[in-house]
Amino acid sequence: EKGGYDHFMLKEIYEQPAVIKDTYRGRLHANEGLIKMAGIEDNLQKFLNADRILIVACGTSWHAGLVAEYIFEEFSRIPVEVEYASEFRYRNPIIRENDVVIAISQSGETADTLAAIKLAKEHGAFVFGVCNVVGSSISRETHAGAYTHAGPEIGVASTKAFTTQITVLTLIALRLAQAKGTLTNSDFHRYLQELELIPEKVQQALETNDTAKAIAAIYKDAPNCLYLGRGYNFPVALEGALKLKEISYIHAEGYPAAEMKHGPIALIDEQMPVVVIAQKQEHYDKIVSNIQEIKSRSGKIIAVVTEGDTQVRALADHVIEIPRTVDALSPLLTTIPLQLLSYHIAVMRECNVDQPRNLAKSVTVE
Ligand code: F6R
């Protein structure tokens, strides 16, 4: 049932090209310039009239929400706030009737997310679910929704759920952008076409497996690890760190790269591996100077670069090359080598990859 893979996690990492395609199939019509999602069309006015979108989720799903925040604000110009469901539900939040709440959950059973949904409904908000498990509590409790088509995710560490959540949220943001006219026609079409190409680029990103494994062998005994990214890839840094800590038990932290100098830079020495997502995209020069700052303090740089990159390559101790895409879609690619890196480190440390200690696949108690 692991399909020839040693662990479910690895199988699920490798399923991503197929399940991203499954998730946009029937919804993304790049040639016609159309996005068709019943849950959105039926409630389009609610989204268009929304003063803001509130995203509630936990863990990896919360990271997908953070990526979506950048995408929604850029594409559809709707203000977005992303909340940990557990904090949201207990702080007497301001929820208005004109708020649209998007709840993201792989399992559809997370207790805090479910409670946040109930609270939002009590305040009259429209609640939209992005779930993977059909018929789950969250999918039933929300007013409408769109499923991810990731298939069963068995590994406790979420991988394919994350990338399919981003896929669904990107489709929604694009549909709203089209309805609102917040993207130019040519940009809109370019995004549709790029999204259609993502599965084959994810397939290419999976070819970094050997490189990730070789890097894993060097750093498997590191006590700490830092992950840095900017913009769309800041949440990917958080997700990379979460993947490493949960399955390998190495202490890892993700930060926006520019926050480095506000504290974490004190941690840098020759023992500290720093994974930097350094794509050739907006603010590239900023990330290059962040890398220089780490190098001058003898930190070890593992950089996830765009293919053909030379500038970061000259500075980094290790590079992992992935294909180029538009900035907004890059998290779907940059995530892949980070999943593989965590996986190999955990295997080399003889950890229980699919069922890490103290963790459950769905957190049905708060
Ligand atoms: C991380 C992980 C958890 C879940 C979180 C939310 O790999 O699996 O952080 O993402 O418990 O779960 P769902 O998405 O089922 O609500």
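The values are calculated or read from the model by the stated rules, or taken from the named source; none is laboratory data. Just so we're clear, the structure is a prediction, and the values are computed from it rather than from any experiment. Cβ: placed from backbone, ideal geometry, glycine included. Neighbour counts: every protein chain shown. Ligands, DNA and RNA are stripped out before the accessible areas are found, and what is left, the full protein with its side chains, is counted by its heavy atoms. Shrake-Rupley method; radii C 1.70, N 1.55, O 1.52, S 1.80 Å.
Counting only protein heavy atoms and using a 1.4 Å probe, what share of the accessible area of segment 59-104 belongs to carbon plus sulfur, as a whole percent?
41
Excluding Phe8 itself, calculate the net charge of residues whose Cβ lies under 12 Å from the Cβ of Phe8, where each Lys or Arg counts +1 and each Asp or Glu counts -1.
Residues near Phe8 contribute -2 overall.
What residues qualify as long-range amide H neighbours of Gly145, i.e. H under 5 Å apart, gap of 5 or more or another chain, H built at 1.01 Å from N?
Residues meeting the amide H criterion: Gly129.
For segment 1-76, report the translational diffusion coefficient in µm²/s to the nearest whole number, using Stokes-Einstein at 10 °C, 1.306 mPa s, and a Kirkwood Rh over Cα pairs.
Result for D is 103 µm²/s.
In Å², what does the accessible area per residue of the chain work out to with a 1.4 Å probe?
40
Which shape class applies to segment 120-188: rounded if a/c is under 1.5, otherwise prolate when a/b exceeds b/c and oblate if not, where a ≥ b ≥ c are the square roots of the Cα gyration tensor eigenvalues?
oblate
Across segment 91-150, how large is the tail of the calculated P(r) beyond 14 Å, expressed as a percent of all Cα pairs?
47
With the Cα gyration tensor of segment 296-340 in hand, convert its eigenvalues to equivalent ellipsoid semi-axes via √(5λ) and list them largest first in whole Å.
20, 12, 9
How much accessible surface does Phe126 have with a 1.4 Å probe, in Å² rounded to 10?
Answer for Phe126: close to 20 Å² accessible.
By Kyte-Doolittle mean hydropathy of at least 0.0 and Cα axial length of at least 20 Å, which whole DSSP H helices of the chain are selected?
Qualifying helices, which must be both long enough and hydrophobic enough, are 59-76, 160-180, 234-248, 331-348.
From the square roots a ≥ b ≥ c of the eigenvalues of the alpha-carbon gyration tensor of segment 206-328, which class results: rounded (a/c under 1.5), prolate (a/b over b/c), or oblate?
Rounded shape, in that the Cα axes give a/c under 1.5.
If the elastic network links every pair of Cα atoms under 10 Å, which of Pro79, Pro17, Pro235 fluctuates the most in the Gaussian network model of the chain?
Pro79
Which peptide among 133-143, 333-343, 354-364 comes first, and what is the full order, when sorted by highest mean count of other Cβ atoms within 10 Å?
So the peptides 133-143, 333-343, 354-364, ranked by packing, come out 333-343, 133-143, 354-364.
Please give the Cα centre distance for segment 149-176 versus segment 58-74, rounded to the nearest Å.
11
Tell me what the chain gives for mean residue ellipticity at 222 nm when only DSSP H runs of n ≥ 4 count, each as -39,500 (n - 2.57), the sum divided by the residue total, rounded to 500 deg cm²/dmol.
-14500 deg cm²/dmol
Taking Cα centroids, how far is segment 267-341 from segment 208-240 in Å?
Their Cα centres are 9 Å away from one another.
Is the shape of segment 4-142 rounded, prolate or oblate, going by the alpha carbon gyration tensor and its root eigenvalues a ≥ b ≥ c, with a/c under 1.5 for rounded and a/b larger than b/c for prolate?
oblate
Rounded to a whole number, what % of the accessible area of segment 117-188 do carbon and sulfur atoms account for, probe 1.4 Å?
52
Just need log10 I(q)/I(0) for the chain at q = 0.12 Å⁻¹, Debye formula, equal scatterers on the alpha-carbon atoms, no solvent, rounded to two decimals.
Results for the chain at q = 0.12 Å⁻¹ read -0.86.
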